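Participant: Before anything else, here's the structure in question.
The values are calculated or read from the model by the stated rules, or taken from the named source; none is laboratory data. Worth saying up front: this structure is predicted, and the values here are computed from it rather than measured. Positions of Cβ are generated from backbone atoms using ideal geometry, with glycine treated the same way; all protein chains shown enter the neighbour counts.
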Amino acid sequence: MSSCRVISTREIVGHDVSTVQAEGWAGLSNGALLRVAAEREFEAFVTADQNLQFQQNLRTIVLRVIVLHSLSNAIEDLSPLVPGLLAVLEDAMPGEIRHVHA
């Protein structure tokens, strides 16, 4: 799931994907998003918020947290990160924060 603009879910092959908007969580803070995603047993939280790790205690979260680094949140800037995202999803461990760069 993502708190940034949505990468086409068709590009994230082999994973069930949802978004903050689709889940009805648009008004939640990052901390609340992480808690509810963990409670709903999501495996990963994908975001473009590069400050998340400094704002939240991620050691208590059982999710894989993946931070996308791109020029903007525009789909054309995020889409090239999909291969790196897929690779990180395969080997990231629960509770780990990983970064995917352009």
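Participant: Residue under question is S2, and the condition is that it be of a type in the set (G, A, S) and modelled with pLDDT of 90 or more; does it hold?
Facilitator: Taking the combined requirement at face value, the residue does not satisfy it.
Participant: Can you tell me which residue is farthest from V20 (Cα to Cα) among those in segment 41-59 that are part of a helix (DSSP H, G or I) and in contact (Cβ under 8 Å) with a residue 12 or more places away in the chain?
Facilitator: Among those that are part of a helix (DSSP H, G or I) and in contact (Cβ under 8 Å) with a residue 12 or more places away in the chain, it is R59.
Participant: Just need a number here: residues in segment 56-71 that are touching a His at 6+ places or on another chain (Cβ under 9 Å) and aliphatic (A, V, I, L, M).
Facilitator: 3
Participant: Okay, next question. Output the residues belonging to segment 60-102 that are in a helix (DSSP H, G or I), among the polar types (S, T, N, Q) and without any contact (Cβ under 8 Å) to a residue 40 or more places away in the chain.
Facilitator: Scanning segment 60-102 gives a single hit, T60.
Participant: Now a separate question. Output the number of the condition that L28 fails; it satisfies all remaining conditions of (1) under 14 Å from the mean Cα position of the chain (by Cα); (2) in a loop (DSSP other than H, G, I, E, B); (3) surrounded by 13 or more Cβ atoms within 10 Å (Cβ to Cβ); (4) without any contact (Cβ under 8 Å) to a residue 60 or more places away in the chain.
Facilitator: Result: L28 fails condition (1) only.
Participant: Could I ask something else about it? Can you tell me how many residues within segment 28-75 are of a type in the set (D, E) and over 21 Å from H15 (Cα atoms)?
Facilitator: Qualifying residue count for the region: 1.
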